[in-house]
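Below is one structure; the comments refer to it alone.
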Amino acid sequence: MNNGSYTMDFTLLGFSEWPQLERIISALVLIFYVVILVGNTMIILVSHLDPKLHTPMYFFLSNLSFLDLCYTNSVIPQMLVNMWGPDKSINHLRCMLQAAIALDLGSTECLLLAVMAYDRYAAVCQPLHYTVIMHPQLCHRMVITCWLGAVGSTVSISLLTFSLPRCGHQEVDNFFCEILDLIKTACAYSKVLEVVFLSLSVIFLLVPLSAILISYGVITRAVMRIKSATRWQKLLSTCGSHLTVVALFYGTAMSMYLKPQRSTFQNEGKFIALVYIILIPSLNPLIYSLRNKDVKNAVKKILCAKNWSEK
């Protein structure tokens, strides 16, 4: 066996050291998976079917829901198969694709949340020029930039990771092929990979987060001058939903990628990844629908129209 063997499968250890807990986790994951599929599909359909929701905010929200669907579908099915069966292996190519897709979609979400913050800034601080600023062509360009912006960097870091020699170490101490855990399986240190990964973490985590904080700083200053209770309530419903999603997403993402990588924190990291993968995508539709009257009214309208057609 050579050091950089590409023929062996990886073994995803997951929660196998706690067999009883693994069964409970697999049942919870399945429940959340159904919630993710139903909730995010509902957001996409409602945003598409209701003409009142054909606005930049709901265009970005439907892209966020589609991204969450792609992310969970790239991880959870394989995770459930490994949890329910005795075989916890995943072949080399599938593992590489899973790691690259998860990293790319996570980076895309960072950029998309920053774009959504800019949309809220334009709506609150430039209301008279909002339709001119956020015209459809610009919205489509920003979304395309978000989706394609991380592809090159994701491919490069994935290739660097999988080119490292492993010396027969094929066990990944996680429930999916996560890039940091794959780096730990290598038996050689790469300074280039460390620098590239740190640089990309700053670009795709800290820079968008800084843009979001600046946007909401300006929004806060503008909101303080508003005296209308109705506008206050509307602003809190739309901006509050986005801020809640940002806090959940960046809190877990920074815990995963910007903390010291020590083996003693590995089990903690698994549960953080679990929150990142199943809890946040399932909460996003609930946060936006429960705090947003437009979405709730659109859902009621579609359901009423369906019931009327059945009668």
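The values are calculated or read from the model by the stated rules, or taken from the named source; none is laboratory data. What you are looking at is a predicted structure, and each value in this text was computed from that prediction instead of being measured. Positions of Cβ are backbone-derived with ideal geometry, glycine not excepted, and every protein chain shown enters the neighbour counts. Only protein heavy atoms, including side chains, enter the accessible area calculation; ligands, DNA and RNA are left aside. Shrake-Rupley method; radii C 1.70, N 1.55, O 1.52, S 1.80 Å.
Which value, in nm² and rounded to one decimal, describes the direction-averaged projected area of the C-alpha convex hull of segment 33-181?
Numbers: hull surface 42.9 nm².
Here the figure is 10.7 nm², rounded to one decimal.
Only aspartates and glutamates eight or more places from Lys300 in sequence, or on another chain, were considered; those with a Cα closer than 19 Å are Asp50, Glu310. On the chain, 69 percent of the accessible area sits on carbon and sulfur atoms, based on a 1.4 Å probe. Dipole orientation for segment 1-117: of the candidates Leu53, Met96, Gln78, Leu53 has the Cα lying most toward the positive pole (charges on Cβ; Lys, Arg +1; Asp, Glu -1). Who wins for biggest fluctuation among Tyr33, Tyr257, Tyr71 in a Gaussian network model of the chain, springs between alpha carbons below 10 Å? Residue with maximal mean-square fluctuation among Tyr33, Tyr257, Tyr71: Tyr257. For a straight C-alpha distance cut-off of 16 angstrom, no aspartates and glutamates are reachable from Lys191 once same-chain residues fewer than eight places away are disregarded. Taking only the Cα atoms of segment 13-97, the ratio Rg/Rh comes out at 1.13, with Rh defined as the Kirkwood radius. Springs between alpha-carbon atoms under 10 Å, Gaussian network over the chain: tell me which of Pro56, Pro19, Pro208 tops the mean-square fluctuations. Looking only at Pro56, Pro19, Pro208, the biggest GNM fluctuation is shown by Pro19.
To the nearest 20 Debye, how big is the dipole of segment 100-186 about its Cα centre, given +1 on the beta carbon of each Lys and Arg and -1 on that of each Asp and Glu?
The dipole magnitude comes to about 300 debye.
Rounded to the nearest 20 debye, the dipole size of the chain about its Cα centre is 1440 debye, using +1 on the Cβ of Lys and Arg and -1 on the Cβ of Asp and Glu. Mean-square fluctuations from a GNM of the chain, with a 10 angstrom spring cutoff on Cα atoms, peak among Ile144, Ile179, Ile76 at Ile144. Checked against a 28 Å cut-off, the cross-linked pairs Lys88/Lys270; Lys88/Lys184; Lys270/Lys296 give Cα-Cα distances beyond that limit for Lys270/Lys296. At a Cα cut-off below 13 Å, give the aspartates and glutamates reachable from Lys52, other chains included and same-chain residues fewer than 8 away excluded. The reachable aspartates and glutamates, counting only those whose Cα sits under 13 Å from Lys52, are Asp294. Calculated translational diffusion coefficient of the chain (37 °C, 0.692 mPa s; Stokes-Einstein with Kirkwood radius over alpha-carbon pairs) equals 156 µm²/s. Among Thr145, Ser107, Met134, whose Cα sits farthest toward the positive end of the charge dipole of segment 97-174 (+1 at Cβ of Lys/Arg, -1 at Cβ of Asp/Glu, about the Cα centre)? Ranked along the dipole, the leading option is Met134.
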